[in-house]
Amino acid sequence: MSGYLTLRASPAGEVAAVVGPRLLAGIVAGPGLYEHRSVWPAPRTFDAAQLLAVLDAVPLHGRGGAGFPFARKLRTAVSSGKRRSVVVNAGEGEPASAKDSVLLVAAPHLVLDGAEAVARALGAPGIHVVVGHDRAAARMALDDALAER
């Protein structure tokens with residue numbers, strides 16, 4: 001199966017997902033930071049109003065059951081006036097799901113760029129990335145990407 005990536009769910013080798021070439025076009029095992037930057041330059045720094053304007057123009061919805069609009073979630077955080085945190089939930093709450101793991105293995109720097117852009121716009125002091133203990137490949141890809149950064 002050329003062009004397919006098999007994600008292991010655990011060190012024991014259970015298969016979490018086999019992802020086809022359309023989603024992973026041009027990606028072998030997740031690009032390093034140098035390769036990522038050749039396609040995606042460092043993200044612009046937005047303030048909250050600028051980021052909200054961009055998000056209002058792009059229909060970005062969560063992939064959970066509700067498909068909640070991300071711009072509305074961000075707008076609520078901004079208007080609350082409270083201290084903010086950025087959480088990247090890649091915890092794979094659905095047992096048969098592997099979409100978060102696939103994204104972290106295939107494009108970890110893209111995920112981190114987005115989280116960084118939101119954290120800067122909100123003035124959040126840090127970013128929390130949640131990855132399930134049973135997602136060894138995703139954890140390794142994230143660890144490698146963080147070490148590069």
For this session: Please find, among ALA96, ALA138, the residue that is more than 23 Å from ALA53 (Cα to Cα), of a type in the set (A, V, I, L, M, F, W, C) and surrounded by 14 or more Cβ atoms within 10 Å (Cβ to Cβ).
Result: ALA138
For this session: Report yes if some residue within segment 81-93 is open to solvent by 30 Å² or more (accessible area, probe 1.4 Å), over 20 Å from LEU33 (Cα atoms) and either touching an Asp or Glu at 6+ places or on another chain (Cβ under 7 Å) or outside any loop (DSSP other than H, G, I, E, B) (or both); otherwise report no.
Result: yes
Problem set entry | Breaking point among (1) modelled with pLDDT under 90; (2) assigned to a helix (DSSP H, G or I); (3) surrounded by fewer than 19 Cβ atoms within 10 Å (Cβ to Cβ), for ALA49 | (1)
Seminar exercise, completed: Over segment 52-65, the set of residues open to solvent by 90 Å² or more (accessible area, probe 1.4 Å) and without any contact (Cβ under 8 Å) to a residue 12 or more places away in the chain is PRO59, GLY65
For this session: Give me the pairs, please: first residue somewhere in segment 97-113 and over 17 Å from LEU146 (Cα atoms) and at pLDDT 85 or above, second residue anywhere and part of a helix (DSSP H, G or I) and open to solvent by 10 Å² or more (accessible area, probe 1.4 Å), beta-carbon distance under 6 Å, and either six or more positions apart or on two chains.
Result: none
Exercise. Failed condition for ALA42, given (1) more than 17 Å from the chain's Cα centre (by Cα); (2) closer than 19 Å to ALA106 by Cα; (3) at pLDDT 75 or above, with all others met?
Worked result: (1)
Exercise. Just one of ALA145, ALA117 is at pLDDT 90 or above, surrounded by 16 or more Cβ atoms within 10 Å (Cβ to Cβ) and out of contact with any helix residue (DSSP H, G or I) (no Cβ under 6 Å at 6 or more places or on another chain); which is it?
Worked result: ALA117
Seminar exercise, completed: Those residues of segment 127-139 which are of a type outside the set (Lys, Arg) and either on the phi > 0 side of the Ramachandran plot or at pLDDT below 90 (or both) amount to GLY132, HIS133, ASP134, ALA136, ALA137, ALA138
Seminar exercise, completed: A careful count of residues in segment 52-62 that are in contact with a helix residue (DSSP H, G or I) (Cβ under 7 Å, 6 or more places away or on another chain) and assigned to a helix (DSSP H, G or I) gives 3
Exercise. What are the residues in segment 120-135 that are open to solvent by 90 Å² or more (accessible area, probe 1.4 Å), under 27 Å from VAL54 (Cβ atoms) and out of contact with any strand residue (DSSP E or B) (no Cβ under 8 Å at 6 or more places or on another chain), if any?
Worked result: ARG120, PRO125
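The values are calculated or read from the model by the stated rules, or taken from the named source; none is laboratory data. Remember, predicted model here, so these are calculated numbers, not experimental data. Quick reminder, even Gly has a Cβ in these numbers, built from the backbone with ideal geometry, and neighbours come from all protein chains shown. Accessible surface is based on the protein model in full, side chains and every heavy atom, while ligands, DNA and RNA are left aside. Shrake-Rupley method; radii C 1.70, N 1.55, O 1.52, S 1.80 Å.
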